Amino acid sequence: MTLDASRRVVALVPAAGRGVRLGESTPKAFVPVGGSPMLARAVDGLIASGVVDRIVIMAPIEMIDAARQLLTAHAPAVGSLPVDVVAGGAERTDSVRAGMAAAPEATHFLVHDAARALTPPALIARVTAELTAGRHAVVPGIAVADTIKSVSAAGDVTGTPDRAGLRAIQTPQGFDAELLRAAYAVDLPVTDDAGLVEAFGATVRVIPGDPLAFKITDQLDLRLANALVAESAADEKAASAQVVPR
Ligand code: CTP
Ligand code: MG
């Protein structure tokens, strides 16, 4: 929660995708990880960061009631700040636009994918701290492990950018609200919000991301996420067993 009374940090959570690559029967944000839907885990993380004033979730229109119910059932911290669910759109940019429209009071936006369900609250706090320090656009990024090549439509390599200068970009992405609203006034096909802000001409600062903020995209990612949650639950159980007196 912010100390500055005039600052309103609103987290927009795109959760309206279908999850085609994951291939489950429910939309991806509603698929459980370690027993809790991804959306509930992402919302819990935002609340635990302590830096968010309000959360707006963009869900598939037919899942709006289900989203409200699952938050009550699975996100125990909901109730400590306002959480609203609105209808998303056909593309991710349409969903973000719908979320922005529902939060005219925002001075800053954090746009955070529901699919990055295990994002550590500390990363969310770090992005917000950069905004508070005066940056206008802040994204987390991690070094890429693979060599990246550009490839022509025919399948021939057209270039090999220096890996040292590349980052894989995560969320939450933080922005001055006015900047994001202005950047979204144009309609360009981009895969993240910073892409629109870059096209608008603003500088986007990259800060160190966190491997746990990975996006659950396919079945391998889902297996990894489930294994990580199971492992940390086992660690917690072992730790609490140690403090129980004999
Ligand atoms: N998203 C959204 N509205 C859309 C498309 C995506 O709110 N029209 C959200 C997703 O719910 C997800 C995030 O944006 O939390 C990142 O998108 P992605 O990982 O691509 O999820 P999906 O679009 O659901 O997956 P896929 O592309 O495999 O269908
Ligand atoms: Mg998608």
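Numbers for the structure displayed
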| item | result |
| --- | --- |
| Residue ID - farthest from ALA66 (Cα to Cα), chosen from residues in segment 8-30 that are more than 7 Å from ligand 1 (Cβ to nearest atom) and either crowded, with 16+ Cβ neighbours inside 10 Å or among the aromatic types (Phe, Trp, Tyr) (or both) | ARG8 |
| ALA59 touching a helix residue (DSSP H, G or I) at 6+ places or on another chain (Cβ under 8 Å) and either at pLDDT below 95 or within 11 Å of ligand 1 (Cβ to nearest atom) (or both) | yes |
| Pair list, Cβ under 7 Å, 6 or more apart: segment 81-92 residue on the phi > 0 side of the Ramachandran plot, other residue crowded, with 16+ Cβ neighbours inside 10 Å and not small (Gly, Ala, Ser) | none |
| Scan of segment 10-54 for residues that are assigned to a helix (DSSP H, G or I), away from ligand 2 (no atom under 16 Å from the Cβ) and closer than 14 Å to THR171 by Cβ, ordered by number | ARG41, VAL43, GLY45, LEU46, SER49 |
| Set ALA59, ALA77, ALA90: member being within 16 Å of ligand 2 (Cβ to nearest atom) and surrounded by fewer than 19 Cβ atoms within 10 Å (Cβ to Cβ) | ALA90 |
| Strands (runs of 3 or more DSSP E) contained in segment 143-220 and holding at least 3 residues within 20 Å of the chain's Cα centre (by Cα) and either among the aromatic types (Phe, Trp, Tyr) or crowded, with 19+ Cβ neighbours inside 10 Å (or both) | 173-176 |
| Filter result (without any contact (Cβ under 8 Å) to a residue 60 or more places away in the chain and either at positive phi or within 14 Å of ligand 1 (Cβ to nearest atom) (or both)) within segment 44-56 | ILE55, VAL56 |
| Count - residues of segment 85-105 that are outside any loop (DSSP other than H, G, I, E, B) and either more than 9 Å from ligand 1 (Cβ to nearest atom) or closer than 18 Å to ARG68 by Cα (or both) | 9 |
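The values are calculated or read from the model by the stated rules, or taken from the named source; none is laboratory data. Predicted model only: the values in this text are computed from it and were never measured. Counting neighbours? That spans all protein chains shown, and the Cβs are built from the backbone with ideal geometry, glycine included.
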